[in-house]
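**Student:** Sharing a structure below in structure tokens format, with a few things to ask.
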Amino acid sequence: MSQPVRAKKHLGQHFLHDESIAKKIADTLTLSNYTNVLEIGPGMGVLTKYIIEKPVQVVAMDLDSDSIAYLKENYPVDQLNILEADFLKYDLRNLFGDASFAITGNFPYNISSQIVFKALEWRDQIPEFTGMFQKEVAQRICETEGSKAYGILSVLTQAFYHAEYLFTVKPGVFNPPPKVDSGVLRLRRKENYHLDCDEKLLFRVVKTAFGQRRKTLRNSLKTLQLSDKLKEDTIFAQRPEQLSVSAFINLTQKIQDDAISTHD
């Protein structure tokens, strides 16, 4: 066996060393409607080991060349493709072509939100997304309206996916231990995930609204050139965290219709 890899602070690495938790994370994959899995940030393969026991093809992607070398030496199995790459910059079409795939991993905390946003861009191919985040990020993704933690990540993720917070993981099971608890979640794509609104506009509305979350929508959405008639709608007296996901979709439809009627 090769030498263990040392965790690198600049990559946000915290290596999980608890086998039972690794197995539990691997078991969050339902294997429903896909046979391909992308693991992000496999490190020394504690989670990889349990994923490759399942009837799936796996790509383990890591930025860290030491981790890549370690995995290649210790996990030489046919169903595992080990890839040195940056997930945030990688063209995911090169992984599995047009086939569906799930994403899982013990995600580097410093880029975990960006990983979710990129996965949302590829939602047509990603029926399931599971893994470990900093606890408060995992909770935020699963949060519902009316809470201070509810925000851009919550709305945009839940517009397309059912979000479940599964369990909490204490710092002591990592090397080095992070300063915070971790949380494992599962996102399963909704059956009808194509929305009744312009999806690009929804992203813009949600990001603009929460960019000034203390203001009412009437004030925070000023840049969207809304008609005076539309701004009289009672929804604009609310703040963004008061709106459910479906209310945001409804709001986007109204803004869309307003733009059409204004230009008629």
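**Student:** Look at Glu128 and say whether it is surrounded by 22 or more Cβ atoms within 10 Å (Cβ to Cβ), out of contact with any Phe, Trp or Tyr (no Cβ under 6 Å at 6 or more places or on another chain) and either in the same structural domain as Phe210 (by TED's automatic domain parsing) or not hydroxyl-bearing (Ser, Thr, Tyr) (or both).
**Tutor:** Working: surrounded by 22 or more Cβ atoms within 10 Å (Cβ to Cβ): yes; out of contact with any Phe, Trp or Tyr (no Cβ under 6 Å at 6 or more places or on another chain): yes; either in the same structural domain as Phe210 (by TED's automatic domain parsing) or not hydroxyl-bearing (Ser, Thr, Tyr) (or both): yes.
Yes: the conditions hold for Glu128.
**Student:** Let me ask something else about it. Just to be sure, is Asp257 over 30 Å from Gly105 (Cα atoms), among the acidic types (Asp, Glu) and touching a residue at least 12 places away in the same chain (Cβ under 8 Å)?
**Tutor:** So Asp257 fails the test.
**Student:** Working only within the range 233-258, note down all residues that are acidic (Asp, Glu) and not in a helix (DSSP H, G or I). Explain how you work it out, then say what you get.
**Tutor:** If we filter the range 233-258 for residues that are acidic (Asp, Glu), which is where we start, we get 233, 241, 257-258.
Within the range 233-258, just Asp233 meets the criteria.
**Student:** A follow-up question, please. Does Leu201 count as outside any loop (DSSP other than H, G, I, E, B), modelled with pLDDT of 95 or more and over 18 Å from the mean Cα position of the chain (by Cα)? Reasoning before the result, please.
**Tutor:** On the way: outside any loop (DSSP other than H, G, I, E, B): yes; modelled with pLDDT of 95 or more: yes; over 18 Å from the mean Cα position of the chain (by Cα): yes.
Spelling it out, Leu201 is indeed outside any loop (DSSP other than H, G, I, E, B), modelled with pLDDT of 95 or more and over 18 Å from the mean Cα position of the chain (by Cα).
**Student:** Going residue by residue through the range 84-94, is there one that turns out to be within 11 Å of the chain's Cα centre (by Cα) and under 24 Å from Ser182 (Cβ atoms)? Talk me through it step by step, then tell me what you get.
**Tutor:** The first filter runs over the range 84-94 and keeps only residues within 11 Å of the chain's Cα centre (by Cα), leaving none.
No, because not a single residue in the range 84-94 is within 11 Å of the chain's Cα centre (by Cα) and under 24 Å from Ser182 (Cβ atoms).
**Student:** Restricting attention to the range 93-125, and to residues there that are among the aromatic types (Phe, Trp, Tyr) and buried (at least 21 other Cβ atoms within 10 Å of the Cβ), which single residue is modelled with the highest pLDDT?
**Tutor:** Our first condition is that a residue be among the aromatic types (Phe, Trp, Tyr); within the range 93-125, this holds for 96, 101, 107, 109, 117, 122.
If we keep only those that are buried (at least 21 other Cβ atoms within 10 Å of the Cβ) too, we end up with 101, 107.
Numbers: Phe101: 98, Phe107: 93.
Per the stated criteria, the residue is Phe101.
**Student:** Here is a further query. Pick from Arg186, Arg239: which is surrounded by 14 or more Cβ atoms within 10 Å (Cβ to Cβ), basic (Lys, Arg) and touching a residue at least 60 places away in the same chain (Cβ under 8 Å)? Break it down into steps so the answer makes sense when it comes.
**Tutor:** Details: Arg239 fails: touching a residue at least 60 places away in the same chain (Cβ under 8 Å).
Sole residue among the options that is surrounded by 14 or more Cβ atoms within 10 Å (Cβ to Cβ), basic (Lys, Arg) and touching a residue at least 60 places away in the same chain (Cβ under 8 Å): Arg186.
**Student:** Only residues in the range 215-232 that are assigned by TED's automatic domain parsing to the domain that holds Val205 and assigned to a helix (DSSP H, G or I) count as the first member; pair them with residues that are surrounded by fewer than 14 Cβ atoms within 10 Å (Cβ to Cβ) and of a type outside the set (D, E, K, R), Cβ under 7 angstrom, at least 6 apart or cross-chain, and list the lot.
**Tutor:** Arg218/Ala237; Ser220/Gly211
**Student:** Of all residues in the range 127-158, which are closer than 26 Å to Tyr34 by Cα and in contact with an Asp or Glu (Cβ under 8 Å, 6 or more places away or on another chain)?
**Tutor:** Residues satisfying the conditions are Cys142, Ser154.
**Student:** Considering only the range 112-169, state which residues are farther than 21 Å from Pro240 by Cβ, out of contact with any strand residue (DSSP E or B) (no Cβ under 8 Å at 6 or more places or on another chain) and not in a helix (DSSP H, G or I).
**Tutor:** Those that are farther than 21 Å from Pro240 by Cβ, out of contact with any strand residue (DSSP E or B) (no Cβ under 8 Å at 6 or more places or on another chain) and not in a helix (DSSP H, G or I): Trp122, Asp124, Gln125.
**Student:** Could you figure out which of (1) modelled with pLDDT of 95 or more; (2) in contact with a Leu (Cβ under 9 Å, 6 or more places away or on another chain) isn't true of Val173?
**Tutor:** Result: Val173 fails condition (1) only.
**Student:** Could I ask something else about it? Could you run through the range 81-110 and say how many residues are under 23 Å from Lys135 (Cα atoms) and assigned to a strand (DSSP E or B)? Show your work before the answer.
**Tutor:** Keep residues of the range 81-110 that are under 23 Å from Lys135 (Cα atoms), which gives 87-88, 102-110.
Now restrict to residues that are assigned to a strand (DSSP E or B): 102-106.
Counting residues in the range 81-110 that are under 23 Å from Lys135 (Cα atoms) and assigned to a strand (DSSP E or B) gives 5.
**Student:** Of all residues in the range 42-56, how many are part of a loop (DSSP other than H, G, I, E, B), more than 19 Å from Phe133 (Cβ to Cβ) and out of contact with any Ser or Thr (no Cβ under 9 Å at 6 or more places or on another chain)? Before the answer, list the steps.
**Tutor:** Start the filter on the range 42-56 by keeping residues that are part of a loop (DSSP other than H, G, I, E, B), which leaves 42-47, 52-56.
This time we only want the ones that are more than 19 Å from Phe133 (Cβ to Cβ), so: 44-45, 52-56.
Those left that are additionally out of contact with any Ser or Thr (no Cβ under 9 Å at 6 or more places or on another chain): 52-54.
Of the residues in that region, 3 qualify.
**Student:** Condition first: closer than 18 Å to Phe117 by Cβ, small (Gly, Ala, Ser) and in contact with a Pro (Cβ under 9 Å, 6 or more places away or on another chain). Can you find one or more residues in the range 196-210 that meet it?
**Tutor:** Looking for residues that are closer than 18 Å to Phe117 by Cβ, small (Gly, Ala, Ser) and in contact with a Pro (Cβ under 9 Å, 6 or more places away or on another chain), one finds at least one in the range 196-210, hence yes.
The values are calculated or read from the model by the stated rules, or taken from the named source; none is laboratory data. Computed from a prediction, not measured in an experiment: that's the story for all the values here. Glycine gets a Cβ as well: all are built from the backbone with ideal geometry, and neighbour counts include every protein chain shown.
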